[in-house]
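Read through the structure below, which is laid out as structure tokens, and then see the notes.
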Amino acid sequence: MTDLDRATLLDQLLTYTREELATGVLPEEITAAAPLLELGVLDSVRTARLLAHIRTAYGVRVPPAHMTGEHFRTLEAITDLVLSLRRSQTAAL
């Protein structure tokens, strides 16, 4: 796994969410701190697509115990989760 800083990851996830997850929400409404669940940006299908993207693009598997509203509330929270899981998975190697 390559090093990835928080700002870069957040920007990449923001771009992916705006461009790839067809939500019906205006792209400018999707911000780093926007409540994704409340806006309807994430539902079960879109969350599965986002999880697949995270696994493919960043090599991170999100365990079921981490699939909570708290971890997926905002893109900032998702970014922190991915970085935390990357550190844990790297340390386990």
When all protein chains stay in place, what accessible area (Å², nearest 10, 1.4 Å probe) is found for Thr90? 70
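Please sort by residue number the trypsin sites (Lys or Arg not before Pro) in the chain whose DSSP state is loop and whose Cβ has at most 13 other Cβ atoms within 10 Å. Kindly include the intermediate steps, with their values, before the conclusion.
On the way: sites: Arg6, Arg18, Arg46, Arg49, Arg55, Arg61, Arg73, Arg86, Arg87; in loops: Arg61, Arg73.
Listed in order of number, the matching sites are Arg61.
Please report, in whole Å³, the volume per residue of the convex hull around the C-alpha atoms of the chain. Provide the component values of the computation, followed by the final result.
On the way: hull volume 8.2 nm³, N = 93.
Once divided by residue count, the hull of the chain is 88 Å³.
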Using alpha-carbon coordinates, inclination of helix 6-20 to the longest axis of the chain, degrees: 40
At a Förster radius of 35 Å, what calculated FRET efficiency corresponds to the Cβ-Cβ distance of Gln89 and Leu26, to the nearest 0.05? 0.50
With all protein chains present, the chain has a carbon and sulfur share of its accessible area (1.4 Å probe) in percent of 54
Hey, what's the chain come to in accessible area per residue, 1.4 Å probe, Å²? 58
Given the C-alpha centroids of region 18-36 and region 43-89, what is the distance between them in whole angstrom? 16
Taking loop as defined by DSSP and a crowding limit of 15 other beta carbons within 10 Å, which GluC sites (Glu not before Pro) in the chain fit? Glu70
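The values are calculated or read from the model by the stated rules, or taken from the named source; none is laboratory data. Everything numeric here is computed off the predicted structure, so don't read it as measured data. For neighbour counting, all protein chains shown are included, and Cβ atoms are generated from backbone atoms with ideal geometry for every residue, glycine included. Note: accessible area is taken over every heavy atom of the protein model, side chains too, but ligands, DNA and RNA are not part of it. Shrake-Rupley method; radii C 1.70, N 1.55, O 1.52, S 1.80 Å.
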